[in-house]
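Undergrad: Below is a structure I'd like to ask you about.
The values are calculated or read from the model by the stated rules, or taken from the named source; none is laboratory data. Just so you know, these numbers come straight off a predicted model, no measurement behind them. All Cβ positions, even for glycine, are placed from backbone atoms using ideal geometry, and neighbour counts span all protein chains on display.
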Amino acid sequence: MKDAVQLQTKVYYYNILIRSLLCFIYIPLAFSGFCLAMLLVEMLQTHSFEGLFGWLCGLGLVLFFAYGTIPLWNTRLELSPEGVTYTNPGYYRIYTPWENIERIVRLSRFRTSTSFILRIPATTNIKFLEGKQQHLAIIERCSLLTTKAEVLRRAYSIPLMALMPKKDLENGTFSTYLQQYAPHLSYV
């Protein structure tokens, strides 16, 4: 019988086209921030408090849009011999060993997405790295704006990257990982 070859960790990020598109969102945000800073300097010199209120509202909008888009640049799905880790830096990260993945399904919510469904939901009771070392399903929030209820709701599944290359899904690295570490799973 042949020994299985140990696979390396494979990391998937959003498609380069989407990541580049995000850069075009950041450029106007950065320019808006610069304009707001110049406006603030002008208002402080003229003591215009109505202008200061407008400046604060504009800054709030810039921060809101930046908070919503910047984490997408670093969102990633990691496949390793130990298991699967999904990280969305603006919200949460979740890890599970291969043995804890029950099935792969297509979920229809706002948009259709493919996800791993976990046998045992991820826990928040221990630190992320400790859970990973003990091969336990673990979830951790990465932002104070992510509520505990939201984290617990996401503890039952791990989303696959929305734009993972189809060739990888069908007969590439993803398929190889499934065959080697989770033969009970098949891609939908």
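Quick grid of which residues meet (1) at pLDDT 85 or above; (2) surrounded by 15 or more Cβ atoms within 10 Å (Cβ to Cβ); (3) assigned to a strand (DSSP E or B); (4) of a type outside the set (D, E):
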position: V62; (1), (2), (3), (4): no, yes, no, yes
position: P71; (1), (2), (3), (4): no, yes, no, yes
position: P81; (1), (2), (3), (4): yes, no, no, yes
position: T85; (1), (2), (3), (4): yes, yes, yes, yes
position: V105; (1), (2), (3), (4): yes, no, yes, yes
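Undergrad: Exactly one condition in (1) over 20 Å from K10 (Cβ atoms); (2) surrounded by 14 or more Cβ atoms within 10 Å (Cβ to Cβ); (3) at pLDDT 90 or above is false for K132; which is it?
TA: For K132, the failing item is (1).
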